[in-house]
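Presented below is the structure to which this report refers.
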Amino acid sequence: KNDLIDFVVDANPHKQNKFLPGSHIPILDEKIIRQREPEFIIILPWNIHDEIKNQLSYISNWGGEFVIFIPKLKIL
């Protein structure tokens, strides 16, 4: 729901500035992460969480953490 998640990030420019179906959560460029410095980043594609964690490792600069929900809730 869009009242729980402010936005999602996708590296694919063709998906950016659109919305997730059903929830109408905006899909934005990764730059928004550096601007907002979120405390937690939820990684939805859990099967590639290591790759995403490496790409976004800079979030540790402000104490940000990664969260996955599948196969079980885990703060990385």
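Values computed for the structure shown
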quantity: In the range 21-52, residue least open to solvent (accessible area, probe 1.4 Å) [restricted to those that are within 17 Å of Pro71 (Cα to Cα) and in a loop (DSSP other than H, G, I, E, B)]; calculated: Ile43
quantity: Conditions (1) exposed (fewer than 13 other Cβ atoms within 10 Å of the Cβ); (2) at pLDDT 90 or above; (3) of a type outside the set (Val, Ile, Thr); number of the one not met by Leu73; calculated: (2)
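The values are calculated or read from the model by the stated rules, or taken from the named source; none is laboratory data. Since the structure is predicted, the reported quantities are computational estimates derived from the model, not experimental observations. Note that we place each Cβ from the backbone using ideal geometry, even for glycine, and neighbour counts take in every protein chain shown. In case anyone asks, the SASA skips ligands and DNA or RNA and just uses the protein heavy atoms, side chains included. Shrake-Rupley method; radii C 1.70, N 1.55, O 1.52, S 1.80 Å.
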